[in-house]
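The values are calculated or read from the model by the stated rules, or taken from the named source; none is laboratory data. Small disclaimer: the values here were computed from a predicted structure and weren't measured. Positions of Cβ are generated from backbone atoms using ideal geometry, with glycine treated the same way; all protein chains shown enter the neighbour counts. For the accessible areas, the whole protein counts, side chains as well, though only heavy atoms, and no ligand, DNA or RNA atoms are used. Shrake-Rupley method; radii C 1.70, N 1.55, O 1.52, S 1.80 Å.
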Amino acid sequence: MMFWRSVVGKLWFTILLLVSVVLLVLTVLLMEYFERFHTEQAEGELLNHANLIVTFLENESTEDAAVNVSQIISESYAARALVIGENDYWYTSEEDEESIPLSLFYEDENLSEVLHEEATVITHGDFTDASREGRSGEIIVVGMPVSFAGGEEGSLFLYQSLDVIEEASDQTKQIIFFSAGIAIILTTVFAFFLTSRITAPLRQMRAASLEVAKGNFDTKIPIQTKDEIGLLAMAFNRMRRALNTNLHALNQEKEQLSRILSSMADGVMTFDKRGQVKITNPPAGEFIDAWRYEEQVSRGEEPFHLKELFDQVVSDEEEVVDEIVIQGRTWVILMTPLYDNEAIRGAVAVLRDMTEERQHDKLRKDFIANVSHELRTPISLLQGYSEAIVDGIAETEEEKKEMARVIYDESLRIGRLVNELLDLARMEAGHFSLSREQVDIPCFADKILRKFQVIAREQHVDLQGDINPPSKEVFADPDRLEQVVTNLIDNAIRHTPEHGKVIFKVYGTEAGLRIDIKDTGSGIPEEDLPFVFERFYKADKARTRGRAGTGLGLAIVKNIVEAHNGKVTVHSKLEEGTTFSVVLPFAEPDSFHTTGFPDGRGSD
């Protein structure tokens, strides 16, 4: 089957079939021609012999001599004769008298014309009695009228068997068949040679095309001829070079597009005309993974919300903007139809993570609300007590001093709030100074412990120190560092109930100087932990003993620590306690700026 599928087999079979058909037609025509030729030749020879015998019969006066001469001439040419006179007849072979009776010549329509009309007749047919002879009765007969020397009129019939003609025809057929066989063999060899010469370049082109399909564009077809096959090979080589150039250009464009998509901060997704996702970049993949996790679906599932937007885009033929919240993050989706000429062939969606923008908006609104809330209480107290003094409600001197004390405390509270807001604003803007110097850790820790021992005793809290100075030197702003530790210890004491414990621990690690402030207080709820370093964050006031803070302390702590290239973290369990950890990296003084942030931002 593979042979007949090949070009060699088809060409060979076509050439062989064509030659065979031509040879068959030629053989039939040649056989017909030679059979007719041999028959006409035999008839002509038999007619000439008959004329010769007639000549002898007309010139020979002796009857026996004439018959003997006729017999000799006929036998010399493998023929037999019958001479019929007016009153008698003679057979050159006595055997023919029984097989070819005399009555046949009178009864046959063609042969009787010689006897009755004295016409010359040439015919052939089955005139013998084959049942007697046991052989074919096909003979050829020539009949001619004879005028004997004695004036008697008669006829001569010279006949010959067709076996001689058939033998000659058989020999001719053998020669024709032998020649046809040789021609077919030669045609087969020539056809294979020709088809191999033709198909060899085609096979090379097939192998080269398979290599090109695999991406190997270095394959080159040798040009051996200048005919159509050679021109085809030249065209293939040009096509190979053009394909290599175009594919290289396409790969460059694809790679450039892939890099652009991968580097985009926004998610990009493309859809085909059936709404199936075809291309996604990493942010879009994160969006899909978050949706699958939230919906608890298997991989391969796509957000049905995107499918609804796609259907809307296709139906309305205009871009659609929507917003969706996945895993606590806000995504804005802009989907636009893609056109193929005039028909929509898909859509492209751009997904932007707007969580930070929404949080910033919320923080701005919360900041205004929190500042208003923090200022409302002290301003109300200032207004109320000042009105009481102005109206003379305070009668005694002690009541006036008490009201003045309240007004003074609230004014201090407003001052602290304003100062902390200013400090926080300057820190976030990078406009505050850091005066770095080598810090004596034991002296610094002892100062902090002495500072809070009185407060801790008043609150009935056990303040303990665990100081293990590091071997490396620490360079930092002592005042800012004291502000950080003061804020953390003050928070710890205020959130620790009576007879609780606060541990101030200082030690060195591979990352740098580590300061841990651990308390056994009320702890921080798990849902509030991510927000403790935000501005105006406050724990539940029911868990706080004494005065409440402004909610800006931890935000200031975070900014000061990050200004030192450090890191502050918190770990807490409800009703078990909280641990704040500050890590400041070791560094040489030359590696820091004496003013501003370590990244070179200016100071006030």
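Summary of values
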item	result
Residue pairs meeting the criteria (Cβ under 7 Å; at least 6 apart or on separate chains; first over 11 Å from Arg514 (Cα atoms), in segment 558-569; second open to solvent by 50 Å² or more (accessible area, probe 1.4 Å))	Asn559/Glu428; Ile560/Gln483; Val561/Lys567
Some residue of segment 309-328 being at pLDDT below 85, open to solvent by 30 Å² or more (accessible area, probe 1.4 Å), on the phi > 0 side of the Ramachandran plot and among the charged types (D, E, K, R)	yes
Top-ranked residue in segment 462-495 [being in contact (Cβ under 8 Å) with a residue 40 or more places away in the chain and part of a loop (DSSP other than H, G, I, E, B); ranked as nearest to Thr579 (Cα to Cα)]	His495
Residue tally, condition open to solvent by less than 70 Å² (accessible area, probe 1.4 Å), at pLDDT below 80 and among the charged types (D, E, K, R), over segment 518-533	1
Test set (1) open to solvent by less than 80 Å² (accessible area, probe 1.4 Å); (2) assigned to a strand (DSSP E or B); (3) not aromatic (Phe, Trp, Tyr) - Thr188 fails condition number	(2)
Meets criteria (modelled with pLDDT under 85 and either under 22 Å from Gln438 (Cβ atoms) or of a type in the set (Phe, Trp, Tyr) (or both)) for Arg514	no
Members of segment 556-590 that are modelled with pLDDT under 80 and either closer than 15 Å to Pro530 by Cα or among the polar types (S, T, N, Q) (or both)	none
The listed residue being hydroxyl-bearing (Ser, Thr, Tyr) and crowded, with 16+ Cβ neighbours inside 10 Å, out of Thr496, Thr509, Thr486	Thr496
Members of segment 252-281 found to be of a type outside the set (Ser, Thr, Tyr), farther than 25 Å from Glu301 by Cβ, open to solvent by 90 Å² or more (accessible area, probe 1.4 Å) and out of contact with any helix residue (DSSP H, G or I) (no Cβ under 8 Å at 6 or more places or on another chain), listed by number	Gln252, Glu253, Lys254, Glu255, Gln256, Leu257, Arg259
Exclusive hit being open to solvent by less than 70 Å² (accessible area, probe 1.4 Å), under 29 Å from Val19 (Cα atoms) and small (Gly, Ala, Ser), set Ala200, Ala249, Ala235, Ala242	Ala200
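Yes or no, residue by residue, for (1) acidic (Asp, Glu); (2) touching a helix residue (DSSP H, G or I) at 6+ places or on another chain (Cβ under 8 Å):
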| site | (1), (2) |
| --- | --- |
| Ala284 | no, no |
| Ser298 | no, yes |
| Pro303 | no, yes |
| Glu308 | yes, no |
| Gln312 | no, no |
| Glu317 | yes, no |
| Tyr339 | no, no |
| Asp353 | yes, yes |
| Gln359 | no, no |
